[in-house]
1. If packing is taken as the average number of other Cβ atoms within 10 Å across a peptide's residues, how do 69-80, 281-292, 174-185, 241-252 rank, most packed first?
2. Hey, fewest Cβ within 10 Å first, where do F23, F57 land in order?
3. Short version: ³J(HN,Hα) in whole Hz for each residue of segment 83-91, in order, from phi by Karplus 6.51 cos²θ - 1.76 cosθ + 1.60 (θ = phi - 60°), x for Gly and Pro, what are they?
4. Note down the relative contact order for the chain as a percent, whole number, built from C-alpha pairs under 8 angstrom at least six residues apart.
5. Counting other C-beta atoms within 10 Å, which of K52, K30, K227, K266 has the fewest, and how do the rest follow?
6. Taking the number of other C-beta atoms within 10 Å as the exposure measure, put T230, T151, T202 in order starting with the fewest.
7. How long are the semi-axes of the equivalent ellipsoid of segment 161-213, defined as square roots of 5 times the Cα gyration tensor eigenvalues? Whole Å, largest first.
8. Output the Kirkwood hydrodynamic radius of segment 135-196, Cα pairs only, in Å rounded to one decimal.
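Derivation of every value follows stated rules applied to the coordinates shown; laboratory data play no part. None of the values given here were measured: they were computed from a predicted structure. FYI the Cβ positions are ideal-geometry reconstructions off the backbone, even for glycines, and counts take in every protein chain you see.
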Amino acid sequence: MGLNVYEVNTEEAKERTHHKIIFGDSRNMKELQNESIHMVVTSPPYVTSKFKKGQPFKIDEYFEMIEQVFKEVYRVLISDGRFCLNIGDIHTKYYYDDGRFWRIPLAHMVLQKAIDLGFRLLDTYIWDKGFNRYKGGAPGPLFGSYPYPPTLYNQVYWEYIFVLVKPGKRRKMPKEIKEESKIPYEKWVEYTRQIWGVESETEWIKEHPAVFPVEIPKRFIEMYSFKGDTILDPFLGSGTTTLAAKLTGRNSVGYEINPRYVKLIKKRVGIGQTTLDNTKCDFEIIFREDAREGEWL
Ligand SMILES: C[S@@+](CC[C@H](N)C(=O)[O-])C[C@H]1O[C@@H](n2cnc3c(N)ncnc32)[C@H](O)[C@@H]1O
């Protein structure tokens, strides 16, 4: 049962990469066998992105969804595999009932869910998203009592990326694969800085509200996986992780609940386009019966 998950480290895997895009709810990743994924990188939906004034603020349901997806991530990830989780805190007036805006440490709340399931924290990165938001017309900072004290809110243009590990025995890699996956010194210096300045791009992509720049998954894939590995993103969005896997010689599987993004994914990932560098890729797109407009974006 399950999809044919790609054999890692074969000659074929090194030359040609395979990418599966599954439209369906990642609370159930029934296509994937246990321990068939070498690394996960994702950015879960925001709890507030589709929220409108007057609706119930369903944070408990959000945490339940997160927990179910993370359980599946734990099941399909190999032991000692890395799970890179990009998430930010939020300002909202709907968490408490006093009608005032408070900052909710959502990132750490979600992190705790992962730790409770058995993941361990290897490292924390801060992604400084730059200041494009001003130019792109996305909502700016909360003004609070500005220009007067005392209720000034900071401008939340950065997010966490937690690097989690499923504890267990490390696999042995053949020497030539290790060599092919080597990280040049200059990249190592750059990548291991705890704060990454990578300008946000989402403001320029009209078809999806929360895209991360390809540099984010690309760095993590280079840092925590080997050539020919299979990378999973359970919240694929516009397909950025598929693109990053393609660019780094890795295979990928991505789940996205909303079939509306198929056109955008095809464009962003370059399906049906000839590549300048002659990269050879196979793409497979599957529409499951539970594909639908999701609850969170
Ligand atoms: C923050 S976006 C990810 C964006 C992605 N990193 C990119 O660069 O385009 C989260 C995505 O998760 C999808 N989503 C929400 N709930 C889901 C679920 N249960 N299963 C699969 N996808 C889901 C949303 O439709 C949304 O596209």
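1. 241-252, 69-80, 281-292, 174-185
2. Listing F23, F57 from fewest to most nearby Cβ atoms yields F57, F23.
3. Here the 3J(HN,Hα) series is 10, 9, 10, 9, 7, x, 7, 10, 9 Hz.
4. About 31 percent, as a whole number.
5. K52, K30, K266, K227
6. T151, T202, T230
7. 30, 17, 14
8. 17.1 Å is the Kirkwood radius here.
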